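The values are calculated or read from the model by the stated rules, or taken from the named source; none is laboratory data. Just so it is clear, the structure is predicted and the values come from calculations on it, not from any experiment. For neighbour counting, all protein chains shown are included, and Cβ atoms are generated from backbone atoms with ideal geometry for every residue, glycine included.
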Amino acid sequence: MLDKNDRTLWELIDHILSLSLVRKGLISTLYDSICNITPHSLQDVRRLWENDLGAEMADDQREAVLKLIHSSSPCARHSLIQLKIALRAHLTKAKLAKIFPSMDPACPRCKGQPADYIHMFWSCPRLNTFWANIFNAYSIMFQKNIAPNPLCVLFGCTPEIRGLKGKAGAIIAFTSLIARQLILLFWKKNSPPNFPRWIRDTMHFLTLEKIRYTLKGYLQEFERSWTPFLEYYKIPVLRLLPLLPSVTPFFLIVLCLILHFILFLVIIIIIIIIIIIIIIILLYYTY
Ligand SMILES: [Zn+2]
């Protein structure tokens, strides 16, 4: 008989799924197991995340994760997505394969297995470019190197926001949630979501946010909060930057100088052509 103090809910489910169907006394075992199920605590979920992350979560990190469930976005659907992620409620292929043994536990993107929670959101190699581009964008927006990290990828919290301009924490929490939503939209697809789609979806929700702030009379607050992202969006070359491999800020400066030089040459050529035309007209009427 199972002791409820020995197993957490998730371990209990794993245990039940591992039982042989021809085992003697199966019904009694299942009955005892189900009777011993108690509402799982957040400690169980925390321990599972710590196993996945390979490190203990500090109390302040755990509190930040819980707070961000409600504060990342005003949209109830977004909050629900974040709640389900924090509680590991989505059905991964690894979990489904335990329920249905005939099901393939491999990741649909990289074919690696098991396609568990941490793999589907963070460690899948097919997501590397997606997250690298997003964190590259954060680094440009806040002019500080922000490396991809699983805590930010999964929960939207990062300790590197201290001292950054604007509401960096709110921007990262909201936009990383958009990225997680995109991963869920591409959950069963062979291809991962891409960076331009993340930009497009974020701007879509920002349009709604702007309307919300405007209706409340807080338009200036919106612009102050979202300036880093909006400035990033306004300069197309910045948005192209993460899509190019091995690009540095030096490359960006050189690119801007070249573009300005080309624009300067075009203006000079137009002025010379206009002067020549004026001279020809004057000569024509003079003689
Ligand atoms: Zn994968």
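Can you tell me which condition Phe142 does not meet? The list is (1) at pLDDT below 90; (2) surrounded by fewer than 19 Cβ atoms within 10 Å (Cβ to Cβ); (3) away from the ligand (no atom under 15 Å from the Cβ), and all the others hold.
Every condition holds for Phe142 apart from (2).
How many of the residues in the stretch 77-116 are more than 10 Å from the ligand (Cβ to nearest atom), surrounded by 13 or more Cβ atoms within 10 Å (Cβ to Cβ) and of a type in the set (A, V, I, L, M)?
Qualifying residue count, the stretch 77-116: 9.
Restricting to the stretch 1-27, give me the number of residues that are farther than 22 Å from Leu87 by Cβ and at pLDDT 55 or above.
Residues meeting the conditions: 10.
Please determine whether any residue of the stretch 117-133 is away from the ligand (no atom under 16 Å from the Cβ) and either at positive phi or assigned by TED's automatic domain parsing to the domain that holds Ala64 (or both).
So in the stretch 117-133, the residues away from the ligand (no atom under 16 Å from the Cβ) come out as 133.
Subset that is either at positive phi or assigned by TED's automatic domain parsing to the domain that holds Ala64 (or both): 133.
Yes, some residue in the stretch 117-133 is away from the ligand (no atom under 16 Å from the Cβ) and either at positive phi or assigned by TED's automatic domain parsing to the domain that holds Ala64 (or both).
For (1) more than 24 Å from Ala55 (Cβ to Cβ); (2) of a type in the set (A, V, I, L, M), each residue gets a yes or a no:
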{"site": "Ala106", "(1), (2)": "yes, yes"}
{"site": "Ser123", "(1), (2)": "no, no"}
{"site": "Phe130", "(1), (2)": "no, no"}
{"site": "Asn149", "(1), (2)": "no, no"}
{"site": "Ala168", "(1), (2)": "no, yes"}
{"site": "Phe174", "(1), (2)": "yes, no"}
{"site": "Leu182", "(1), (2)": "yes, yes"}
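Please indicate, with yes or no, whether at least one residue in the stretch 203-210 is among the hydroxyl-bearing types (Ser, Thr, Tyr), touching a residue at least 24 places away in the same chain (Cβ under 8 Å) and in the same structural domain as Arg88 (by TED's automatic domain parsing).
Step one: of the stretch 203-210, the residues among the hydroxyl-bearing types (Ser, Thr, Tyr) are 207.
From what is left, the residues that are touching a residue at least 24 places away in the same chain (Cβ under 8 Å) are none.
Within the stretch 203-210 (the criterion being among the hydroxyl-bearing types (Ser, Thr, Tyr), touching a residue at least 24 places away in the same chain (Cβ under 8 Å) and in the same structural domain as Arg88 (by TED's automatic domain parsing)), the answer is no, since none of the residues qualifies.
Take the residues in the stretch 29-41 that are buried (at least 16 other Cβ atoms within 10 Å of the Cβ) and in a helix (DSSP H, G or I); name whichever of them is modelled with the lowest pLDDT.
Applying the filter and picking the extreme gives Ser33.
Need pairs with beta-carbon distance below 6 Å; first residue modelled with pLDDT of 90 or more and within the stretch 244-267, second surrounded by 11 or more Cβ atoms within 10 Å (Cβ to Cβ); sequence gap 6+ or separate chains.
none
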